[in-house]
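The values are calculated or read from the model by the stated rules, or taken from the named source; none is laboratory data. These numbers come from a predicted model, not from an experiment. No Cβ is skipped: glycine too gets one built from the backbone with ideal geometry, and neighbour counts run over all protein chains shown. Heavy atoms of the whole protein, side chains included, go into the accessibility calculation; ligands, DNA and RNA do not. Shrake-Rupley method; radii C 1.70, N 1.55, O 1.52, S 1.80 Å.
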Amino acid sequence: MDDREMLEKIAESARHLPTPPQLKPDQIEKRLKHTRSRGWKRQKYAVAAACLCVCFGMAGFVYQNNAKQIQSDMEREMQTDREADRTTGKNPKTNLAENTGKEDAEKEDTEKKEEVAKQYEPVKKLGKMYTLASGYPEVYNALKEAGSRELNQKDMEDVDNADDAAYGGMVREEELQKNESAVSKTGSSDFSGTNLQVEGVDESDFVKTDGRFIYVVQDDRIQILDVRSAVPYVSGTIRPDMDEDTDRICEMYVADRRLTVILQNEKTYLKQQIEAVPITKVVTYDITEPQKPELQHTAVQDGWYKTSRKIGDRLYLFTNRSLAVTDEAMTGKEPEQWLPRVNEKVVEADSIYMQKGGSEGLLMTSLDLKDLSRVTDTKLLIHPDVNLYVSSTSVYLYETVYVNEAFRTRIARFGLEADGTIRAKAAKTLKGSIQDTFAIHEREGYLQVLTSVTNAQPWENRVYVLDENMKTVGKLTGIAPGEKIYAARFTGDIGYFVTYRNTDPLFTVDFSNPKDPQIIGELKVTGFSEYLHFWSDTKLLGIGYETNPDNGERMGIKLSMFDISDPLKVKEEAKLVLKGVSDCAGLNDYKAVLVSSKKNVIAFTTESYDPEHQEIYRAFSYQNGRFVSRVERKLVVGTRLYSYDSRNWRSLYVDDRLYLVGVNKMIVFSMREEWKEIGKLVYGWVDKNE
């Protein structure tokens, strides 16, 4: 058997398996060529056999018989070639010092097999959270059982026992206010991006800009608004192929002259009964000329759209779908009937991680935006419910469970490798629950987590530092008794977080030694912040509520500017209370806030109900140690006949123009001309009160 025949045999046998890039035939061939200078024929079979063992070992019990048969054939081929070598003398290097060389070669073969197997062997158990499926039958039986009973939680063995004395991260999550797209000479290079949780990890939204155009999701279309001049206008519309009765556009990305649109569809199957299955579709367009968008690629994934992240040219798509099965709904046990698909291919058994009692599936897929037909990797997580945090190197799935009359946080880590592979790593269970989106963060190989333990008397808060293997290397306990965490933000080695009862303690934590985090400061002020945002290296903005220190009654929305130039002595440098204001969009959705010290603007929408419902767009500057109101524009006045959500607005800037963008209209302000309103563009139905 020559090299090509051997490689073709491997490729054909592994055709239905998810193959790591390093084990693809072209990579195996490179390794074979490299071994020819030293007993090449014996080593080529060792490398091939090792790779084959790994491929089929990862596939699980379903493919064991096939793997054993192929490996047996390979071994017979190897033995035949060795005998031919000894008989014909065609391989003089093998015949020299046969007795001693044989032992060395066999040892080298074994070491290579062990090395390759260790590198690609999947993690089979992630703490108490997930276990790798052994095959489709196990998955089917577990889902069938989950469909017929309630989850019965048992004691967890992996709970971090933090009742002992405290011993020895939170890193700043800077907003990505930078441009990812190349901008033409007729467009601006100075424009805002989406307010993000993690720098460098882009998030989808219903409003995006590339400095030339603003793209807005509106019902079944995407409006393209030309903002290259002072007078914006609708320059085009993109209408994806969809059923207007059942489908909708969720969100999108704009970068590198590419528009990536995420759609929610329903696909109907006719089996024993009519069944509608949720489908999430990703579509890319070339928008070099936005007025003439060119459809490029499409990917389809089962499930309801949950969220997504974009890192470079790679899209990580997350969808949810109920997976519980019953005999009445099944016509057989074929995986295609009860497991989700990606690009019409059912998820492989060796890509499924299960949690006992779970019946909801979270499907994680790594897609190449340059060619969506290329699904780099897929993982299916079966669980009761889960949240996620995505850094540039990992996906962390976390959930709150109630065990032994106490809340616990389970966290599982999946590594995101450079080639797009999603690889299970480890898991941990901690005491308490995560209260804020920004209370979990990865930095330099460590995960910093803030939890609030609300079952204890009194309540307490904790700081955990976990290494890449999810082992606790440092922690603090007993912080702010009787309170819980409301907001967090981190920069370098310093973390800031807010707890609250009737006053707002702002804590400063030093994480310079991950094994020994230390509380180094505590500032008490009235009210509390629910959102923190770094204004500069020495200033921290807080948005929350002013409260009565005696009874906790809310008195209005509060803006605070903290001086953090000395982390040991943090001060509230300025504050502004918007009396009578009931809500601020940014407290519930960080994407609804625009904060830019470069443009000296803080912008968001607010709502109040006394004496009547009012929705107001507000923009502030910060100068000379105080907040200065720049824009106070009424959007809605009076009682509305339909539900209205102030989070359906986004603020962004292009050059010196500030844009308030909604699903139906856009209002433009000139920051250069005393922040006055200079225009309005309507591209949909608008209420007369707006």
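Scanning segment 482-500 turns up at least one residue that is touching a Gly at 6+ places or on another chain (Cβ under 9 Å), outside any strand (DSSP E or B), open to solvent by 40 Å² or more (accessible area, probe 1.4 Å) and over 30 Å from Asn548 (Cα atoms). Sort out which residues of segment 525-576 are over 14 Å from Phe507 (Cα atoms) and of a type in the set (Lys, Arg), and write them in order of number. Listed by number, the residues that qualify are Lys539, Arg554, Lys558, Lys575. Consider Glu530 carefully, then state whether it is open to solvent by 10 Å² or more (accessible area, probe 1.4 Å), of a type outside the set (Val, Ile, Thr), assigned to a strand (DSSP E or B) and more than 19 Å from Asp566 (Cβ to Cβ). Here the answer is yes, as Glu530 does meet what is asked.
When Val595 is tested against (1) open to solvent by less than 30 Å² (accessible area, probe 1.4 Å); (2) within 30 Å of Asp190 (Cβ to Cβ); (3) part of a loop (DSSP other than H, G, I, E, B), only condition (3) is not met.
Of the residues that make up segment 409-421, is at least one surrounded by fewer than 20 Cβ atoms within 10 Å (Cβ to Cβ) and part of a strand (DSSP E or B)? Yes, the conditions are met somewhere in segment 409-421. Residues in segment 456-481 that are touching a Gly at 6+ places or on another chain (Cβ under 7 Å), assigned to a strand (DSSP E or B) and over 11 Å from Lys431 (Cβ atoms): Val465, Gly474. Pairs linking a residue in segment 442-457 that is on the phi < 0 side of the Ramachandran plot and open to solvent by 30 Å² or more (accessible area, probe 1.4 Å) to a residue that is of a type in the set (Phe, Trp, Tyr) and in a strand (DSSP E or B), with Cβ atoms under 7 Å and 6 or more positions apart or on different chains, are Thr454/Phe407; Asn455/Phe407.
I want to confirm something. Restricting to segment 533-553 and keeping residues that are touching a strand residue (DSSP E or B) at 6+ places or on another chain (Cβ under 7 Å) and open to solvent by 20 Å² or more (accessible area, probe 1.4 Å), which single residue is modelled with the lowest pLDDT? The qualifying residue modelled with the lowest pLDDT is Pro549. Please enumerate the residues belonging to segment 334-369 that are assigned to a strand (DSSP E or B) and closer than 24 Å to Gly127 by Cβ. Passing the criteria: Ile352, Tyr353, Met354, Glu360, Gly361, Leu362, Leu363, Met364, Thr365, Ser366. Selection of segment 210-242 for residues being over 25 Å from Thr298 (Cα atoms), open to solvent by 40 Å² or more (accessible area, probe 1.4 Å) and assigned to a loop (DSSP other than H, G, I, E, B) yields Arg228, Ser229, Ala230, Val231.
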